[in-house]
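Chemist: Supplied in structure tokens, the structure appears directly below.
Taken together, the values in this text are just the output of simple stated rules run on the coordinates, not laboratory data. Only a predicted model underlies this, so the values are computations on that prediction, with no experimental measurement involved. Note that each Cβ is placed from the backbone with ideal geometry, even for glycine, and that neighbours are counted across all protein chains shown.
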Amino acid sequence: MLRAALIGCGMMGRQHALAYRAASGVQLVGVCDVVPMAAAILGREVGVPAFASADEMLAQARPDLVSVVTPDAHHVAPTLAALAAGCHVLVEKPIALELPDARRMIEAARAADRVLAVDFNRRFARPHELARRYQHEGRLGTFSYASLRVALPGGRPPTTPYELVYDSLVHLLDLAAWYGGEVAEVTCLMSDRRDGFAYHNVQIGLRFEGGGIGSVVGSWDGTRLHPIELAEIQGTNGRARVENVVGRFVFEPNDSDLAEVWEPRPFGERRELLQFYPTTIRAHIDALVFSIEVGEPPPVSGEDGLRALRLVKAAIRAFEERAVIDPSTVE
């Protein structure tokens with residue numbers, strides 16, 4: 001039984017805590033936050049000790065696995081502290097805001113012989129799992145394109161003009177590379193600094209090394225009253241579509257006008273699959289715990305996080321320079 005703890009008790013920290021409490025093979029033993037009241041409230045809810053200091057929690061709770069669920073700009077220090085304490089780490093996306101920091105985290109995990117995983121939880125949504133399986137089984141044929149978009153209202157106050165890319169589109173860039181493979185070229189357009197600071201509409205173009213193209217589009221001019229996210233993966237034999245992450249999977253074969261459809265049933269056996277964060281984070285933690293137990297690489301590695309961050313940086317550079325960027329040149 002792995003002992004788990006988390007650093008950061010905000011909305012996503014609570015989701016991690018609830019996932020640990022429900023997962024098998026792991027026991028939640030502590031939570032901490034620099035805001036003591038936030039830690040106390042979450043600790044009381046999930047029935048574990050609360051700490052105001054990560055160092056204190058690491059020393060007293062002695063976890064084996066730590067989730068780092070702090071704000072994006074504060075992933076590095078707690079990750080390095082947990083690794084130095086001998087813990088495996090699951091860090092929220094993006095792995096960091098700067099590539100040198102991401103590499104430091106990966107190198108620290110390697111030196112400590114610990115696992116560093118990144119929470120790209122969309123990979124663990126049932127519709128995306130089905131799309132990936134159909135791709136691996138050859139039912140899509142040779143990869144042609146991936147088209148991914150998200151449109152939602154803006155969230156917390158942005159800290160950078162590129163907040164939409166760091167916060168939301170990093171998920172879609174990870175998915176694009178998950179389906180399409182390594183990226184050879186990146187282009188980018190941005191528009192509409194509606195608040196005078198952050199771009200509200202972004203389009204990122206991708207060309208993959210193995211063939212095929214990708215399009216990632218994000219907008220802060222959407223609403224949560226309607227589905228916010230759509231992914232479409234086209235191959236030479238058919239197309240897979242994922243609606244609203246957990247909403248629906250559709251496979252449309254090129255040689256038939258009939259489609260295969262999966263969707264969760266509100267009153268059926270797997271109705272919990274309608275819940276985005278609880279089910280995807282729980283599935284990721286289950287897979288991560290299993291990989292640690294059997295000594296396999298994590299399902300989403302620190303290197304995966306580094307690749308997605310490099311694509312973010314390539315997109316920003318492509319926009320700023322009005323150029324086509326090879327992401328391997330972005331350091």
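Chemist: List every residue whose amide H lies under 5 Å from the amide H of Leu2, counting only residues 5 or more places away in sequence or on a different chain, with H placed 1.01 Å from N in the peptide plane.
Modeler: For Leu2, whose amide H was placed from the backbone, the distant partners under 5 Å are Val26, Gln27.
Chemist: For Rg and Dmax of the Cα atoms in Å, the choices are (i) 19.8, 61; (ii) 19.4, 55; (iii) 21.1, 65; which was calculated from the structure?
Modeler: (i)
Chemist: 7 Å from Cα along Cα→Cβ at both His226 and Arg248: what's the point-to-point distance in nm?
Modeler: Placing both labels 7 Å beyond Cα along the Cβ direction yields 1.4 nm.
Chemist: Give me the dipole magnitude in Debye, nearest 20, for the chain about the Cα centre, with unit charges on the beta carbon: positive for Lys and Arg, negative for Asp and Glu.
Modeler: Computed charge dipole of the chain: roughly 520 debye.
Chemist: Also, I was wondering about something else. Calculate the spin-label point distance for Arg110 paired with Glu185, positioning each point 7 Å from the Cα along the beta-carbon direction, and give it in nanometres.
Modeler: Taking the simple label geometry, Glu185 and Arg110 are separated by 3.1 nm.
Chemist: Grab the Cα-Cα distance for Glu293 and Arg44, subtract it from 0.36 nm times how many residues apart they are, and report the gain in nm with one decimal.
Modeler: Full-extension gain reported as 86.8 nm.
Chemist: Suppose every K and R has +1 on its Cβ and every D and E has -1 on its Cβ; what is the size of the dipole of region 2-114 about the Cα centre, in Debye to the nearest 20?
Modeler: I would put it at about 260 debye.
Chemist: Another question about this same structure. What is the sum of charges around Arg21, taking Lys and Arg as +1, Asp and Glu as -1, for the other residues whose C-beta is under 10 Å from the C-beta of Arg21?
Modeler: With Lys, Arg at +1 and Asp, Glu at -1, the net is 0.
Chemist: I would also like to ask the following. Nearest 10 degrees is fine. How inclined is helix 99-112 to the longest principal axis of the chain, computing both from alpha carbons?
Modeler: Computed tilt is about 50 degrees.
Chemist: Please give the helix 170-180 orientation as an angle from the longest Cα principal axis of the chain, in degrees from 0 to 90, rounded to the nearest 10.
Modeler: 60
Chemist: Say R0 is 56 Å: what FRET efficiency, to the nearest 0.05, do Glu56 and Thr236 get from their beta-carbon distance?
Modeler: 0.50
Chemist: If I build a Gaussian network model for the chain, linking alpha-carbon pairs within less than 10 angstrom, which residue out of His74, His136, His171 has the largest mean-square fluctuation?
Modeler: Taking springs between Cα atoms under 10 Å, the residue moving most is His136.
Chemist: Next question. Applying the Karplus parametrisation 6.51 cos²θ - 1.76 cosθ + 1.60 with θ = phi - 60° to the phi angles of region 23-33, what ³J(HN,Hα) value in whole Hz is obtained for each residue in order, glycine and proline being reported as x?
Modeler: 6, 9, x, 8, 10, 6, 10, x, 9, 8, 7
Chemist: Along Cα→Cβ, 7 Å out, is where each label goes; now give me the distance between the ones at Asp195 and Glu303 in nm to one decimal.
Modeler: Between Asp195 and Glu303, the simple spin-label model gives 3.7 nm.
Chemist: Karplus couplings for region 60-66 from phi (6.51 cos²θ - 1.76 cosθ + 1.60, θ = phi - 60°), rounded to Hz, Gly and Pro as x?
Modeler: Per-residue couplings from phi come out as 8, 7, 6, x, 9, 9, 10 Hz.
Chemist: How many percent of DSSP beta bridges within the chain run antiparallel, rounded to 5?
Modeler: Around 60 percent of the beta bridges assigned by DSSP in the chain are antiparallel ones.
Chemist: Moving on to the next point. Expressed in nm to one decimal, what extension gain is obtained for the pair Met11 and Ala73 from 0.36 nm per residue of sequence separation less their Cα-Cα distance?
Modeler: My answer for the length gained is 20.7 nm.
Chemist: Please give the FRET efficiency for Asp326 paired with Thr142, using the beta carbon to beta carbon distance and R0 = 25 Å, rounded to the nearest 0.05.
Modeler: My answer for the efficiency is 0.60.
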